[in-house]
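Enquirer: Encoded as structure tokens, here's the structure I'll be asking about.
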Amino acid sequence: ELEERGLNIAASLLKLCLKDSSERKKKEINEKYKATRAGAKDILKQGLALLKFKEIIEAQKGNSNITSDKLKPDDFSKEIKAVKNSKITLVNNKNITVIAKILGAPENKKAGIFLHKRLGNKVEKGEVIITLYSENDYKINEARHSLEPFPIYEM
């Protein structure tokens with residue numbers, strides 16, 4: 001699902017970029033791919049997107065050789081459970097940012113949030129929907145209490 005969303009966004013961006021490109025470049029891309037989505041998919045399959053991502057990581061002074069299996073969450077965590085049977089109708093990205101900062105991100109690379117549910121998922125009362133991670137209980141409790149004014153999910 002993430003790949004599909006990424007390809008759709010990349011295709012839209014390529015389409016915008018082509019508007020300002022030379023006629024030669026427009027013709028070249030059109031002949032090669034017929035559609036910007038096909039171009040985006042080719043860039044992904046060739047590994048060019050990963051290379052660019054690693055360049056961005058390096059430019060931000062990060063470790064471009066990190067892999068997801070090396071990422072470990074912080075020692076303190078708290079599971080947040082659903083209070084009712086429902087369905088996820090909205091995931092609020094701005095509130096995710098607020099809660100993540102309370103937990104210590106981005107300075108603390110191990111702090112963060114694990115979302116167990118996606119938009120449109122059904123939720124049962126008592127089911128874990130979010131896990132919070134931080135370096136201490138104080139930040140966990142602050143984030144937990146901040147979920148009321150800054151909810152991540154709307155149900």
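The values are calculated or read from the model by the stated rules, or taken from the named source; none is laboratory data. Note that the coordinates shown come from a computational prediction; the quantities given were computed from them, not determined experimentally. Note: ideal-geometry Cβ built from the backbone for every residue, glycine included; neighbour counts use all protein chains shown. We work out accessible area using only protein heavy atoms, side chains counted, and drop any ligands, DNA or RNA first. Shrake-Rupley method; radii C 1.70, N 1.55, O 1.52, S 1.80 Å.
Enquirer: Would you point out the residue of segment 132-148, among those that are of a type in the set (S, T, Y) and in a helix (DSSP H, G or I), that is least open to solvent (accessible area, probe 1.4 Å)?
Expert: Applying the first criterion (of a type in the set (S, T, Y)) to segment 132-148 yields 133-134, 138, 146.
Next cut, in a helix (DSSP H, G or I) only: 138, 146.
Numbers: Y138: 157, S146: 20 Å².
It comes out as S146.
Enquirer: Scan the helices (runs of 4 or more DSSP H) fully inside segment 1-115 and keep the ones with 3 or more residues being within 30 Å of N141 (Cβ to Cβ). Break it down stepwise before answering.
Expert: Numbers: elements: 2-19, 23-33, 36-45, 48-59, 93-103.
Helices (runs of 4 or more DSSP H) meeting the threshold: 93-103.
Enquirer: Continuing with this model, one more query. Of all residues in segment 64-91 being β-branched (V, I, T) and surrounded by fewer than 15 Cβ atoms within 10 Å (Cβ to Cβ), which is nearest to S146 (Cα to Cα)? Full working, then the answer.
Expert: Going residue by residue through segment 64-91, those that are β-branched (V, I, T) are 66-67, 80, 83, 88-89, 91.
Filter once more, so that each one left must be surrounded by fewer than 15 Cβ atoms within 10 Å (Cβ to Cβ): 66-67, 83, 89.
On the way: I66: 31, T67: 31, V83: 16, T89: 20 Å.
The qualifying residue nearest to S146 (Cα to Cα) is V83.
Enquirer: I'd like the residue in segment 116-131 that is outside any loop (DSSP other than H, G, I, E, B) and touching a Ser or Thr at 6+ places or on another chain (Cβ under 9 Å) and, out of all such residues, is nearest to K84 (Cα to Cα).
Expert: Restricting to residues being outside any loop (DSSP other than H, G, I, E, B) and touching a Ser or Thr at 6+ places or on another chain (Cβ under 9 Å), the top hit is V123.
Enquirer: Quick one: in segment 92-118, of everything that is among the hydrophobic types (A, V, I, L, M, F, W, C) and in contact (Cβ under 8 Å) with a residue 40 or more places away in the chain, which residue is most open to solvent (accessible area, probe 1.4 Å)? Can you show your working first?
Expert: Looking only at segment 92-118, we keep the residues that are among the hydrophobic types (A, V, I, L, M, F, W, C), and these are 96, 98-100, 102-103, 105, 111, 113-115.
Of the ones still in play, those that are also in contact (Cβ under 8 Å) with a residue 40 or more places away in the chain are 96, 98-99, 102-103, 114.
Details: I96: 37, V98: 49, I99: 0, I102: 50, L103: 0, F114: 107 Å².
Among those that are among the hydrophobic types (A, V, I, L, M, F, W, C) and in contact (Cβ under 8 Å) with a residue 40 or more places away in the chain, it is F114.
Enquirer: Among all residue pairs at least 6 apart or on different chains, which show Cβ distances below 6 Å where the first residue, located in segment 74-91, is at pLDDT 95 or above and the second is of a type in the set (A, V, I, L, M) and open to solvent by 80 Å² or more (accessible area, probe 1.4 Å)?
Expert: Partner pairs satisfying both residue conditions: I88/L119; V91/L119.
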